[in-house]
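Asker: Structure provided below as structure tokens; questions to follow.
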Amino acid sequence: MIEVTRKRVSKALLLSAAVGLTVGVGSTGAQAMSLQEAVQLVVTTNPVVGEQVKNRRSIDHELRQARGLYLPQIDAQFNIGPEFSENGSVDRPDPVLDQGPHDNGRWLVRRDAQVSLQQRIFDGGFTDSEVERQISRIKSQAERIQDEAQVESLEAVRVYLDVLRHQERVTNAEANVRAHEEILGLVQSRAELGGGNIADVRQAEARLATARSSLIQIQGDLRNSQAEFVRIVGQPASELQPVMAGPDMPIPADVEQSVARGLQMNPKIRLEKHDIDVAQSELDKEDSVFWPQVNLEVTGNANRWNNGVEEQTYNASAQVFVRYNLYRGGADIARSKEFKEHINEQLEQLRQREREVEEDVRTSWADRQTQQESVENLTKQVDANQQTKDVYQQQFDIGQRGLLDLLDAANDLFNSQDDLITARSQEIFTNYRILAAQGEMVQYVGAVMPVEATPDEVTYAE
């Protein structure tokens, strides 16, 4: 049973609510898109996932080809055409043909028909191994689809949160511009009444221009994230619904449990294990050459006007052929050793994937802790900057504080708020990174994997 760190997750809930990722709230919501819908679009329509789906389908057909080796092979051959024959039977005198002793050869229209059946009786396990190889390939490819879906869906979560983050940053930057406009208006009024000077006005105008430049830059960041959203998800980012790290996230209580879960559930690990099975089946298939090959062959022939003789012949045979290679220069033994090394190679790849998954889980946990600490510190910083700005505003209004101090306080408040928005968004994202590293992110958001992502054989409509 997984223990969820409720304290941390509850904190993430509050933080995600506080960050203001609520774009579209209060609107009609007709075109609103949830995170689940975005991830489902990726799983269903993303070309990277689709490429793996099509590959899985081709392997299903390869499995059917392999099973066809169990069945007999039936061939029919028919031919007709002129044939010239010169032999002892044809060269002797034939009064019916008005043929003398010195006439050589004759032309006849030859006709042949043949039907043959070949059935494998024993092939040293070649067919069994080929079928098992294709079954293991199907299982491996199903996991590869899930892996690509996890990777691309995590990208969708990232860009989804990025759009919301930049939207909130734009709102914050717009508020910063309005605050500087109010300060400029206040300074201009004082200057007109003789209580200020032109230097303060110019300073306020310069800071307002800086605030507007920041707004323009952040608006550009928003447009870039929206373009990236279209590339990954396939649809525009229209009225995205807020995202929260819910208490039902299957994140264990500590990183060690999370690592263990990742090593068990991550599709990268599972596909490597199936690839080992593929390599083992390839070895078994190659070792089939060390056994005799036993085949049943049934053949029926019908011939007419064959070899210059005007007669029809029929023959049929049923034979069992045993073929057994006795020596091939040691090539078969060397090839068997080659495929044994392929198995060892796959085992090393599995070990490498295990290390990569463990690293991914641990770095995701480390990043989450970093973002949690950043959010906590930045929240205090924003509160302090807000109080400082309010006090400076009051002191400026009564002439106890200079304009530059007020402008600096407003700028510090804006920058800390901007940093807090990013940190809160990143904290939410790290929770999804942990789920993806565990191989459970797509399932958590409620998206449905394509049928090709299951290890079972699939029947497709023609």
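Asker: Can you list residue pairs whose Cβ atoms sit under 9 Å apart, with the first residue in the stretch 293-309 being more than 18 Å from ARG110 (Cβ to Cβ) and the second being charged (D, E, K, R) and in a strand (DSSP E or B)? Count only pairs 6 or more apart in sequence or on different chains.
Answerer: Note: pairs meeting the criteria are GLN293/ARG120; GLN293/ARG323; VAL294/ARG120; VAL294/ARG323; ASN295/ARG120; ASN295/ARG323; LEU296/ARG120.
Asker: Suppose we keep only residues that are at pLDDT below 70 and either under 30 Å from ARG133 (Cα atoms) or loosely packed, with under 10 Cβ neighbours inside 10 Å (or both) within the stretch 67-103. Which one would you say is nearest to the chain's Cα centre (by Cα)?
Answerer: Only one residue fits best here, namely GLY88.
Asker: Of all residues in the stretch 157-191 being at pLDDT below 95 and over 22 Å from SER213 (Cβ atoms), which is nearest to the chain's Cα centre (by Cα)?
Answerer: Result: SER189.
Asker: Moving to a separate point now. Is it true that some residue in the stretch 408-421 is crowded, with 16+ Cβ neighbours inside 10 Å, charged (D, E, K, R) and at pLDDT below 95?
Answerer: No, the stretch 408-421 contains no residue that is crowded, with 16+ Cβ neighbours inside 10 Å, charged (D, E, K, R) and at pLDDT below 95.
Asker: Looking at GLN235, GLN203, which is the one that is in a loop (DSSP other than H, G, I, E, B), touching a residue at least 40 places away in the same chain (Cβ under 8 Å) and either of a type in the set (Lys, Arg) or farther than 23 Å from VAL382 by Cβ (or both)?
Answerer: Every option except GLN235 fails the conditions.
Asker: Here's something else I'd like to know. Evaluate the following for ARG362: is it more than 18 Å from ALA245 (Cβ to Cβ), surrounded by 15 or more Cβ atoms within 10 Å (Cβ to Cβ) and touching a residue at least 12 places away in the same chain (Cβ under 8 Å)?
Answerer: Against the criterion (more than 18 Å from ALA245 (Cβ to Cβ), surrounded by 15 or more Cβ atoms within 10 Å (Cβ to Cβ) and touching a residue at least 12 places away in the same chain (Cβ under 8 Å)), ARG362 qualifies.
Asker: Within the stretch 270-316, can you find the residues that are assigned to a strand (DSSP E or B) and either touching a helix residue (DSSP H, G or I) at 6+ places or on another chain (Cβ under 6 Å) or among the aromatic types (Phe, Trp, Tyr) (or both)?
Answerer: TYR314
Asker: Now, a different point. I'm told VAL357 meets every condition in (1) more than 30 Å from ILE421 (Cα to Cα); (2) in contact with a Gly (Cβ under 7 Å, 6 or more places away or on another chain); (3) touching a residue at least 40 places away in the same chain (Cβ under 8 Å) except one. Can you identify the failing condition by its number?
Answerer: Only one criterion in (1) more than 30 Å from ILE421 (Cα to Cα); (2) in contact with a Gly (Cβ under 7 Å, 6 or more places away or on another chain); (3) touching a residue at least 40 places away in the same chain (Cβ under 8 Å) is unmet by VAL357, namely (1).
Asker: Considering every residue within the stretch 398-409, establish whether at least one is part of a helix (DSSP H, G or I), under 28 Å from GLU168 (Cα atoms) and of a type in the set (Gly, Ala, Ser).
Answerer: Checked the stretch 398-409: at least one residue is part of a helix (DSSP H, G or I), under 28 Å from GLU168 (Cα atoms) and of a type in the set (Gly, Ala, Ser).
The values are calculated or read from the model by the stated rules, or taken from the named source; none is laboratory data. This one's a predicted model, so the numbers in the text were calculated from it and none came from an experiment. Cβ sites come from the backbone with ideal geometry, for glycine too, and all protein chains shown count toward neighbours.
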